[in-house]
Amino acid sequence: MMTNVFKLMESMMTPTVVMLLVVVLLILNRWIFNRMRSAASERSITRGAISFVIVLAGLLAFLLVLPVEKSLKGQLLGFLGIVLSAGIALSSTTVLGNLIAGIMNNSMNRFRNGDLIRIGDLHGRVTKKSIFHTEIQLEDSNFITVPNLYIANNPVKLIRKTNSVLATTVSLGYDLPRAQVEKALKEAALAAGLSDPYVYITGLGDFSVVYKVHGFLDDSGKYFSASSLLNAMVMDKLHEAKIEIVSPAFMYQRRADDKVFVPRQLAADRGEADRSSPEDQVFDEAIKSEKIEAKKDYLREIDRQQEALKEQLKQLKDEREIEKIKSTISMNEALKERLAKSIREQIDRDKETD
């Protein structure tokens with residue numbers, strides 16, 4: 001009896017070692033990626049893919065070393081193959097597709113946390129990237145989870161952080177001088193805080209001319225409020241120039257004699273452009289993610305500086321220069337510790353509020 005027990009334990013030694021090795025590799029994989037200073041979304045995607053490969057390879061190795069007959073072992077491997085094939089076939093357009101799309105999006109680095117993007121009808125800022133989906137905070141401050149497969153199959157418009165172009169259109173009659181209209185539209189763009197405005201004529205209709213005014217926005221964090229302000233300034237400047245903003249066909253259907261449809265000027269609130277941006281509240285979570293990304297970028301920049309300083313230190317002979325470089329290295333290390341601590345505290349606070 002005892003002999004059979006010992007034989008069973010001896011035969012199960014190798015499969016047990018394989019399982020322990022898989023567990024150790026998974027723990028090691030998690031530990032390595034937790035210590036990396038790359039973005040959390042990048043770590044999650046890569047770590048998940050590696051964990052999947054480890055588990056699959058471990059399962060195959062476990063079946064191969066099981067102390068069973070070759071025929072039964074072949075049946076088990078065949079059953080595993082059938083399960084994997086069925087899983088791939090059933091989830092090729094969903095789970096597996098999102099997994100591959102997540103890895104692709106991460107490797108291409110199409111966008112980062114905090115970026116302002118437009119995907120189809122969705123327009124907002126990225127808050128989280130994971131292996132299967134991406135979370136976006138929309139312009140109404142609500143969150144939406146977008147499958148990575150949808151992102152891979154649709155064009156992604158990434159709004160530049162600086163010098164992004166804002167534009168709006170307006171249709172006016174042929175009886176208005178083009179130069180007067182373009183001047184008023186450029187003044188509107190400048191009044192909205194945009195720089196280097198320019199105007200395109202995008203259409204010549206049967207009754208109207210379509211003007212499109214553009215301007216450069218210094219900070220895309222105010223994209224939505226700046227777009228609204230541009231529309232407001234276009235109305236104000238055209239009205240100040242005594243230009244009607246009504247459909248030119250309207251004048252052929254009304255009996256208004258010489259009445260002009262321009263509102264009387266009221267005391268304008270010129271402090272409107274100086275108000276606090278609503279984007280600070282609408283995209284609160286996206287802004288937090290962007291700040292963490294910026295700190296991680298700064299950490300990587302410090303690491304590059306440290307490597308350059310250490311290389312420089314090897315070539316120095318002067319004691320004063322050596323002490324100076326060592327002092328700089330020491331200060332950079334202290335700064336790295338403070339930044340790393342700040343990132344950890346911010347992540348912990350975000351987890352508590354979720």
Evaluate the range 235-252: report whether one residue or more is surrounded by 14 or more Cβ atoms within 10 Å (Cβ to Cβ), out of contact with any Asp or Glu (no Cβ under 8 Å at 6 or more places or on another chain), modelled with pLDDT of 85 or more and outside any helix (DSSP H, G or I). yes
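Going by the structure shown, is Ser85 open to solvent by 40 Å² or more (accessible area, probe 1.4 Å) and touching a Pro at 6+ places or on another chain (Cβ under 9 Å)?
no
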Search the range 228-252 for residues that are at positive phi and pair each with any residue that is in a loop (DSSP other than H, G, I, E, B) and at pLDDT below 90 when their beta-carbon atoms are under 9 Å apart and the residues are at least 6 apart or on different chains. Lys242/Val260; Lys242/Val262
Residues in the range 156-174 that are at pLDDT 85 or above and out of contact with any Phe, Trp or Tyr (no Cβ under 9 Å at 6 or more places or on another chain): how many? 2
Hey, among the residues in the range 175-193 that are part of a loop (DSSP other than H, G, I, E, B) and out of contact with any helix residue (DSSP H, G or I) (no Cβ under 7 Å at 6 or more places or on another chain), which one's farthest from Ser225 (Cα to Cα)? Asp175
Quick one: count up the residues across the range 19-57 that are modelled with pLDDT under 80, open to solvent by less than 40 Å² (accessible area, probe 1.4 Å) and within 23 Å of Gly81 (Cα to Cα). 2
In the range 118-161, what count of residues is obtained for those that are open to solvent by 90 Å² or more (accessible area, probe 1.4 Å), more than 19 Å from Arg47 (Cα to Cα) and assigned to a strand (DSSP E or B)? 2
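Results for (1) among the small types (Gly, Ala, Ser); (2) within 34 Å of the chain's Cα centre (by Cα); (3) under 24 Å from Leu116 (Cα atoms), shown as yes or no for each residue.
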residue	(1), (2), (3)
Arg178	no, no, no
Val181	no, no, no
Glu187	no, yes, no
Leu194	no, yes, yes
Val199	no, yes, no
Ser208	yes, no, no
Residue under question is Lys314, and the condition is that it be among the basic types (Lys, Arg), open to solvent by 80 Å² or more (accessible area, probe 1.4 Å) and part of a helix (DSSP H, G or I); does it hold? yes
Index of the failed condition, Arg112 passing every other in (1) basic (Lys, Arg); (2) open to solvent by 80 Å² or more (accessible area, probe 1.4 Å); (3) over 30 Å from Val199 (Cα atoms): (2)
Restrict the check to the range 206-214 and report whether at least one residue is at pLDDT 90 or above, of a type outside the set (D, E, K, R) and in a helix (DSSP H, G or I). no
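The values are calculated or read from the model by the stated rules, or taken from the named source; none is laboratory data. Because the structure is predicted, anything quoted here is derived from the model rather than measured. All Cβ positions, even for glycine, are placed from backbone atoms using ideal geometry, and neighbour counts span all protein chains on display. Side chains included, ligands, DNA and RNA excluded: accessible areas come from the protein's heavy atoms. Shrake-Rupley method; radii C 1.70, N 1.55, O 1.52, S 1.80 Å.
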